[in-house]
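Read through the structure below, which is laid out as structure tokens, and then see the notes.
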Amino acid sequence: MFTTLHFRFVPTIFLGSDFYFFYHPDLIRKIDKIEQIQLAQKCKFLIPKTIISNNKNDIEDFLEKHVQNGLIIKTMNSHYTEYNGKLYEVFGKVIYENNLDIEELAVVPTIIQELIRFSKEARVTVIGDKVMGALIHKDSNEGDWHHEGVKHIKSSTLEVPKDIQNKCVNFLKEAQLDYGAFDFMITQEDEWYFLEVNPLGDWRWVELDTGQNITKEIVDYFINKTLNDKEGNL
């Protein structure tokens with residue numbers, strides 16, 4: 001059984017390899033949520049107002065400005081964490097003044113963002129420069145839908161604005177990734193707010209709902225990449 005400790009050493013095995021990776025372990029390790037926010041800013045995405053801290057005073061100042069509209073707190077890395085040999089799920093949590101616990105927030109550095117209210121959520125799947133959008137259908141627009149599991153989430157085809165497509169493709173190039181599952185909130189004014197990108201996000205559920213042939217796009221992408229590299233080495 002692989003533990004978190006084992007996984008830290010796995011990327012070093014592949015650093016010098018000539019294999020193609022759908023998601024290279026070393027790149028996945030580097031593209032944590034803090035790196036994502038910085039890169040999203042560089043790529044000119046809209047980003048919810050954000051603080052990353054466990055400093056009580058800084059958090060209180062941020063909450064004073066934004067808590068009236070609601071906030072969402074997130075981990076700085078994966079949805080999953082290992083503790084005493086057990087794997088636990090940790091998802092985004094919406095907070096208001098009536099369920100606020102400053103002392104709890106000060107325990108460990110946390111990502112705290114303004115809640116984008118009265119909005120739609122989108123999943124944008126990108127393979128190379130191929131972009132496919134899906135609208136997420138859920139009962140509430142508050143909180144993290146991941147904790148419900150994809151079996152309870154439905155999606156439909158969504159047209160992605162060209163400027164968002166270009167930013168997503170540029171983001172992957174900057175991050176040296178071939179694939180990314182981007183999550184966005186879309187306001188009533190049609191503003192697209194970047195939430196995060198999952199470099200190994202599951203796509204099959206979107207494919208089944210929308211009819212978008214994501215699997216074929218992935219296979220074709222790597223076949224073409226292999227052939228082009230071979231031609232370049234002749």
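Descriptive notes on the structure:
- Other residues with beta-carbon under 9 Å from the beta-carbon of S155 carry, at +1 per Lys or Arg and -1 per Asp or Glu, a net charge of +1.
- Packing-based ranking, highest mean first, of 41-47, 159-165 given that Cβ atoms within 10 Å are counted: 41-47, 159-165
- Cα-based reach from K167 at 21 Å (exclusive), listing lysines while leaving out same-chain residues under 8 positions away: K30, K33, K42, K44, K49, K120, K130
None of the figures in this text is laboratory data; all of them are computed from the coordinates on show. Here the structure is a predicted model, which is why all the values come from computation and not from measurement. All Cβ positions, glycine included, derive from the backbone under ideal geometry; neighbour counts span all protein chains shown.
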